[in-house]
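Structure, as structure tokens:
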Amino acid sequence: MNLRNHSSLHKLFYSLQNQLEQMFGNDRFVWNQMLAMMNERYQNNKALPFLGKFKLKYLLKPLKKEYPFLKNSDSSSLQVVNEFLTQSWKNFFQDKTGQIGKPRFHSRKYLKKSYTGKSIIKTAGKRYLKIPKLGYVKTSKTGVLQNTKIKRYTVLLEPTGKYYLSLQVEISEPEKYSLTGKRVGIDVGVADLAILSNGLKYPSFNSSYFEKKAKVWQRKYARRRYLAKLLVLQDRNKKVLCPRSLESFTNWQKAQKSKAKCQAKAANQRRDYLHKLTTHLVKQYDVIAIEDLKTKNLQKNHHLAKSIANASWRMFRQMLEYKCEWYGKKLIAVDPKNTSRICSKCGYNSGAKPLEIREWTCSKCQTKHDRDINAAVNILHKATPTGQGLAMVTS
């Protein structure tokens with residue numbers, strides 16, 4: 001490799017990295033400036049403090065004159081910041097439950113680094129995109145952008161240290177899957193993610209390997225950060241002429257990135273597994289019945305919260321919902337009440353059963369049941385036109 005070219009690539013990368021940091025900071029700065037002005041209006045008259053995104057747009061011009069560094073950002077990204085801030089105030093005033101508070105100032109330390117723009121992004125050749133203020137960025141995904149309209153784009157920095165470009169595009173409707181005439185009920189579980197009424201079971205994604213690696217790096221991160229803090233305090237107590245800062249110790253930052261990489265890899269593989277499973281189910285069945293579970297309430301059980309989060313019940317349902325809508329299939333969510341108590345053959349309710357009981361025999365008709373398969377069959381029965389407890393239909 002040519003060393004001269006290698007060093008020039010490093011300079012180009014670091015200059016691009018510094019520019020992105022500046023753009024992230026500009027969005028945060030505009031949010032805090034506009035929020036401070038709105039807070040002052042709210043304290044003075046307790047009236048609606050937001051001016052609307054169009055009025056805030058005119059305030060950007062004098063702000064750019066006062067702070068010239070804002071011109072380094074894509075102007076549309078600053079307008080999007082105003083839209084988000086206006087929506088936050090609207091949510092605060094329209095909320096009747098008292099759960100939504102006033103918008104807060106964005107901190108440099110804890111804010112996720114990203115910015116969103118509405119400017120036009122153009123494809124250049126087969127492997128490049130032209131992004132405002134950043135220039136040409138190499139990518140391998142320009143082929144899927146043919147005959148599409150890019151509405152918004154988001155550049156974000158993940159905890160792993162990688163930068164991602166997310167695009168919101170308008171595309172034509174996907175082709176519908178051919179009808180199979182099959183119906184199925186699905187009961188979700190912990191060990192097995194999806195249990196079908198026809199007896200098939202699909203296991204949950206196993207993330208134990210990544211969890212162990214993430215725990216190792218978490219311990220290293222905590223230990224290295226603690227030692228770095230001790231050294232910083234020693235320098236302050238000894239009144240060193242040039243005391244070291246916490247950011248000058250890079251070992252704990254490396255451990256933090258390694259932990260984030262393990263967690264990101266597990267999340268990506270879990271999402272890939274769920275995509276493949278949900279696509280397979282939508283292709284195979286015309287009508288899919290599931291329980292209308294409240295995942296947030298279930299996760300209040302500390303014994304099951306971690307297992308439910310790992311199984312990703314909510315993501316599984318969301319994928320089924322939009323894929324059924326895309327591909328011309330039907331998803332029915334039914335009331336989960338008594339699905340594991342009723343015998344699917346005779347309809348007798350034998351009462352509640354502890355979670356450790358996975359098989360049971362109906363005391364009325366003497367039919368032996370697998371607990372999960374029986375629940376899946378009851379879910380399918382509830383989704384029939386004569387069934388009760390219909391909560392939602394997505395078609």
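The values are calculated or read from the model by the stated rules, or taken from the named source; none is laboratory data. Only a predicted model underlies this, so the values are computations on that prediction, with no experimental measurement involved. Quick reminder, even Gly has a Cβ in these numbers, built from the backbone with ideal geometry, and neighbours come from all protein chains shown. Heads up: the accessible areas ignore ligands, DNA and RNA and are worked out on the full protein's heavy atoms, side chains in. Shrake-Rupley method; radii C 1.70, N 1.55, O 1.52, S 1.80 Å.
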- Item | Theoretical ellipticity at 222 nm over the chain - DSSP helices of four or more residues, -39500 (n - 2.57) apiece, nearest 500 | -15500 deg cm²/dmol
- Of the accessible area of the stretch 169-247, with the probe set at 1.4 angstrom, what percent is carbon plus sulfur? 56 percent
- Query: Taking Cα centroids, how far is the stretch 123-171 from the stretch 342-379 in Å?
  - Reply: 52 Å
- Message: 5 Å is the cut-off here: which amide hydrogens, built 1.01 Å from N in the peptide plane, fall below it relative to residue 152, excluding neighbours closer than 5 in sequence?
- Response: 168
- Would you mind telling me which residue in 105, 93, 316 has the biggest mean-square fluctuation in a Gaussian network model of the chain, where springs connect alpha carbons within a distance under 10 angstrom? 93
- Note on the structure: Scalar couplings 3J(HN,Hα) for the stretch 161-167 by Karplus 6.51 cos²θ - 1.76 cosθ + 1.60 (θ = phi - 60°), nearest whole Hz, x for Gly and Pro, are x, 9, 9, 10, 10, 10, 10
- Hits among aspartates and glutamates - C-alpha to C-alpha of residue 102 under 14 Å, sequence gap 8 or more where chains match: 40
- Item | Free-standing Cys, the chain [no other Cys Cβ under 4.7 Å] | 242, 262, 324
- Message: Computed from the coordinates I sent, Kirkwood radius over Cα pairs in Å equals one of (1) 20.6; (2) 26.0; (3) 21.4. Tell me the label.
- Response: (2)
- Note on the structure: Mean accessible area per residue over the chain (1.4 angstrom probe, all protein chains present, square angstrom) is 64 Å²
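Run the accessible area of the stretch 94-142 with a 1.4 Å probe and give the carbon-and-sulfur part as a rounded percent.
50 percent
Output the pairs from 71/113; 61/96; 71/229; 112/239 with a Cα-Cα distance over 29 Å in this structure; if there are none, say none.
Too far apart for the 29 Å limit: 61/96; 71/229; 112/239.
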- Based on the Cβ-Cβ distance from residue 84 to residue 247, what FRET efficiency comes out when R0 is 22 Å, to the nearest 0.05? 0.15
- Query: Can you tell which of 21, 170, 356 shows the greatest fluctuation in a Gaussian network model of the chain with Cα springs below 10 Å?
  - Reply: 356
- Message: Give me the percent of accessible area attributable to carbon and sulfur for the stretch 320-375, probe 1.4 angstrom.
- Response: 48 percent
- Rounded if a/c is under 1.5, else prolate if a/b beats b/c, else oblate: with a ≥ b ≥ c from the C-alpha gyration tensor eigenvalues square-rooted, which is the stretch 94-228? oblate
- Item | Integer Hz, Karplus 6.51/-1.76/1.60 couplings in order for the stretch 20-37, x for Gly and Pro | 5, 4, 5, 5, 4, x, 5, 4, 5, 5, 5, 4, 5, 5, 5, 5, 4, 5
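Please count, across the stretch 327-385, the pairs of lysine residues with Cα atoms under 14 Å apart that sit 8 or more places apart or on different chains.
Values: 337/353; 337/382; 345/364; 345/368; 345/382.
Pairs that pass both the separation and distance tests number 5.
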